[in-house]
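Report on the structure given below.
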Amino acid sequence: MLSVEVSYSAKTPDFQLENFKFYLGDFCFMNNDEVVSSNKSAYYLIELDSAQVLFEIPAPETDFNALCFRLGIDSVMNISGAFPGDLDPTNGMYWTWQSGFINTKIEGSIDHVPFEFHLGGYAFPFRSDQLIHRAISNEQKLVLTINLDEFVDELRKTEIRRIMSPRKEAVQLMRALSNCFLLDEF
Amino acid sequence: MNSKHLIIVSITLVLLLSWKSYNPLHLNYPSDWPAPQYDFQNNPLDSAKIALGRILFYEPLLSRDSTISCASCHLSYTAFTHVDHALSHGINDRIGRRNSPALFNLAWQNKMMWDGRMNHLDMQALAPISDSMEMDFSIQGVVNRLNSTKRYQELANKMYPDSVFTGERVLKALSQFELTLISQNSKYDKVQNGELDFTDQEKQGLKLFEKHCAACHTPPLFSTYGFEKNGLEQDPLLKDEGRFEVSGLPEDLMKFKIPSLRNLSYSRPYMHDGRFNRLIEVIQHYEAVPELFIEKGMTPLMINEHDRTDLIAFLLTLNDRQFVFNQDFAYPKDE
């Protein structure tokens, strides 16, 4: 098993985070571009506040030099009904007015203006889950830091402060968020 | 017997015992029906879960003020719809936007509700539970409430290893009961299996039906469960745009899910907003939109009074009295 530690950082001024919840899953280990182990359909609901979150994922016994994982839930899961645990609808991460998981909830204020983004969408053309691919080496712990400064820069370029349904801006913000994931190793 | 033999015998015994206690229930339906859409592997039917689903279906605790259950708008005796109501009323007499659909043969559907907004039967219940006009509650609220109610704690104790309800368990139990609601014993079905014959009038009606209606209301389910425009003018108060509200695609404007035509006598009024009280009004509507048929490459419905009567006579053969009076679907007494 491999320990994963997730936290966020945001040094940008006038930015406050009230709620930050997202799904990570489909962890897949690769060695020289070949998949050596994968844990498809296992999803973890991460709720971040100022502290970090720790969880464990199964890891291969053999060598690996890259990691691939998903931010959000893949589209097949979105049409396959109810699931237990972190995917249970009581977590508030499944829309009730239409089908679909909310991949990420991020709420707070920027430049003293509140924002509320419930980023979902699984069907063309608003599929918003993102695959993230990083080079790593055989270590016992993964440290994922989400540097939100980039996300905030992206946000400052638009006027949108509220997203509650699948749309192209949700896809754009999910993409921006996926670029914020930095991987350190111990 | 040495230890190796003992192991083999033990494993065999365990396998035999688990085979005997594994008794998956299967839905019974006519052999010429298509296969169900529902993925039973994720939610295999069992009698305890069906019974629980039935209890939950009739349970008003699922609404914020404990007054509205699923059965409030989906009554078994009226094909699981809310007869004589164009639009249904929920909590505090609030009125919704759409007519309560009749519920049967749900295993063959994967886009639920008039605009198909829920893409799986398991998730459908989230919509009425959370809608402020219907049950005005939340799945979190439902689960917390069930887990703090004695008779449900006792049920959870019997059914689940960790003795608690979760969102997934509530939703899947409801699905299990709903999946058993199969309507397959109408006169039409009995004619198909040779038990009965159509009258001459019904035969004429069937011919008309096949020519003008069966493209969308395809036997044996009497719907393709797809989405179509049916030429209805948008109600200026309700402003319902149908499937467009879910897909955002302009071609989906005013498209609604094609309802099955089974059990029509038990499920009036008709259409997504219940605007037609009588079948004759529905037929007359379709007579008034020849362009709709032409667009689909079909023959417009231009018929006389005799034809209308014949067509209705055929439609009435789709009523399933056995279904609406089935006590296994009605309110669970003494469960």
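The values are calculated or read from the model by the stated rules, or taken from the named source; none is laboratory data. All values derive from a computational prediction rather than experimental measurement. Ideal geometry is used to build each Cβ from the backbone, glycine not excepted, and the neighbour counts take in all protein chains shown. What goes into the accessible areas is simple: the full protein's heavy atoms, side chains included, and nothing from ligands, DNA or RNA. Shrake-Rupley method; radii C 1.70, N 1.55, O 1.52, S 1.80 Å.
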TODO: For peptide B:167-175, compute the average count of partner chain beta-carbon atoms within 10 Å of each residue's beta-carbon.
DONE: 4
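Using the alpha carbons of region B:276-317, what is the convex hull volume per residue in cubic angstrom, as a whole number?
Numbers: hull volume 3.2 nm³, N = 42.
Roughly 75 Å³ of hull volume per residue.
Let me know the Kirkwood hydrodynamic radius for chain A, please, with Cα pairs as the basis and the value in Å to one decimal. Display every interim value, and only then the final one.
Numbers: mean 1/r = 0.0590 Å⁻¹.
This gives a value of 16.9 Å.
Region A:91-186: D in µm²/s via Stokes-Einstein (Kirkwood Rh, Cα pairs, 37 °C, 0.692 mPa s)?
Working: Rh = 14.6 Å.
For the chosen part, D equals 224 µm²/s.
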Task: Inter-chain Cβ neighbour average for residues B:121-128, partner chain, 10 Å - done: 5
- [ ] Please give the calculated 222 nm ellipticity per residue for the protein assembly as shown, where each DSSP H segment of at least 4 residues contributes -39500 (n - 2.57) and the sum is spread over every residue; nearest 500 deg cm²/dmol?
- [x] -8000 deg cm²/dmol
Task: Residues listed by number, region A:3-34, amide nitrogen under 20 Å from A:ARG134 label point at 7 Å toward C-beta - done: A:3-12, A:20-34
- [ ] Could you rank A:LYS168, B:LYS150, B:LYS49 by how accessible they are, 1.4 Å probe, largest area first?
- [x] B:LYS150, A:LYS168, B:LYS49
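Give me the percent of Cα-Cα pairs in region B:243-319 that sit more than 20 Å apart, rounded to a whole number.
43 percent
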Open item on the list: Can you find, among B:SER88, B:ALA102, B:SER163, the residue sitting farthest towards the positive end of the charge dipole of region B:60-183, where Lys and Arg contribute +1 and Asp and Glu -1 at Cβ?
Closed with: B:SER163
TODO: Report, by chain and number, residues whose modeled amide H sits under 5 Å from the one on B:LYS255, excluding near sequence neighbours (fewer than 5 apart, same chain).
DONE: B:ARG243, B:PHE244
Task: Angle between chain A longest axis and helix A:168-178 axis [Cα atoms, degrees, rounded to 10] - done: 40 degrees
Task: Distance histogram in 20 Å bins (all Cα pairs of the protein assembly as shown, percent per bin) - done: 19, 46, 29, 6, 0
Task: Rounded Å value of the spacing that divides the Cα centres of region A:92-126 and region A:1-46 - done: 18 Å
Task: HN-Hα J in Hz across region A:83-100 - Karplus 6.51, -1.76, 1.60, θ = phi - 60°, x for Gly and Pro - done: 10, x, x, 5, 8, 4, x, 5, 6, x, 10, 9, 4, 9, 8, 7, 5, x
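Just add up the charged neighbours of B:ARG278: K/R +1, D/E -1, any other residue whose Cβ is under 13 Å from the Cβ of B:ARG278. Don't skip to the answer; put the middle values down first.
Values: positive: B:ARG268, B:ARG275, B:ARG308; negative: B:ASP84, B:GLU281.
Neighbourhood net charge equals +1.
What accessible area per residue, rounded to a whole number of Å², is obtained for region B:18-147 using a probe radius of 1.4 Å? Walk me through the numbers before you get to the answer.
Working: 5670 Å² over 130 residues.
Computed with neighbouring chains in place, this is 44 Å² per residue.
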Task: Projected-area average for region B:181-335 over all orientations - Cα convex hull basis, square nanometres - done: 11.6 nm²
TODO: Mind telling me which of B:LEU292, B:LEU25, B:LEU155 comes out most flexible in a GNM of chain B, alpha-carbon contacts under 10 Å?
DONE: B:LEU25
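Leaving ligands and nucleic acids out of the surface, order B:TYR152, B:TYR58 by accessible area at 1.4 Å, largest first.
Working: B:TYR152 0, B:TYR58 30 Å².
Of B:TYR152, B:TYR58, the descending order of accessible area is B:TYR58, B:TYR152.
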Open item on the list: Could you give each residue of region B:178-193 its phi-based ³J(HN,Hα) in whole Hz, using Karplus coefficients 6.51, -1.76, 1.60 with θ = phi - 60°, and x for Gly or Pro?
Closed with: 4, 5, 6, 7, 10, 9, 8, 10, 6, 4, 3, 5, 5, 5, 4, 9
Open item on the list: Given all pairs of different Cα atoms, what value in angstroms does the Kirkwood hydrodynamic radius of chain B take?
Closed with: 21.9 Å
Task: Selection from B:ALA288, B:ASN42, B:ASN277, by position along the positive dipole direction of chain B (Cβ) - done: B:ASN42
Open item on the list: Longer than 20 Å from Cα to Cα, which of B:LYS257/B:LYS296; A:LYS168/B:LYS239; A:LYS40/B:LYS49; B:LYS49/B:LYS333; B:LYS111/B:LYS190 are they? Say none if no pair is.
Closed with: A:LYS168/B:LYS239; A:LYS40/B:LYS49; B:LYS111/B:LYS190
- [ ] Report ³J(HN,Hα) in whole Hz for each residue of region A:108-119, in order, from the Karplus equation J = 6.51 cos²θ - 1.76 cosθ + 1.60 where θ = phi - 60°; Gly and Pro get x.
- [x] x, 9, 10, 6, 6, 10, x, 10, 8, 10, 10, 9
TODO: Can you check what the net charge comes to around A:PRO60, using other residues whose Cβ is under 13 Å from the Cβ of A:PRO60 (Lys, Arg +1; Asp, Glu -1)?
DONE: -4
Open item on the list: Give me log10 I(q)/I(0) at q = 0.10, 0.11, 0.15 Å⁻¹ for region B:121-262, Debye formula, one equal scatterer per alpha-carbon, no solvent.
Closed with: -0.61, -0.71, -0.97
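When only C-alpha pairs under 8 Å and at least 6 residues apart count, what is the relative contact order of chain B, in percent?
Numbers: 517 pairs, mean separation 69.1, N = 335.
Taking the mean separation of contacting Cα pairs over the length of chain B, I get 21 percent.
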TODO: Express in whole angstrom the spacing between the alpha-carbon centres of region B:102-150 and region B:192-270.
DONE: 23 Å
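Over region B:42-92, what lengths in whole Å, largest first, do the semi-axes of the equivalent ellipsoid take, defined as the square roots of 5 times the eigenvalues of the alpha-carbon gyration tensor?
Details: eigenvalues 107, 45, 13 Å².
So the equivalent ellipsoid measures 23, 15, 8 Å along its semi-axes.
I need to check one value: relative contact order of region B:182-318, counting alpha carbon pairs closer than 8 Å and at least 6 residues apart, in percent.
Working: 165 pairs, mean separation 43.5, N = 137.
Answer for region B:182-318 is 32 percent.
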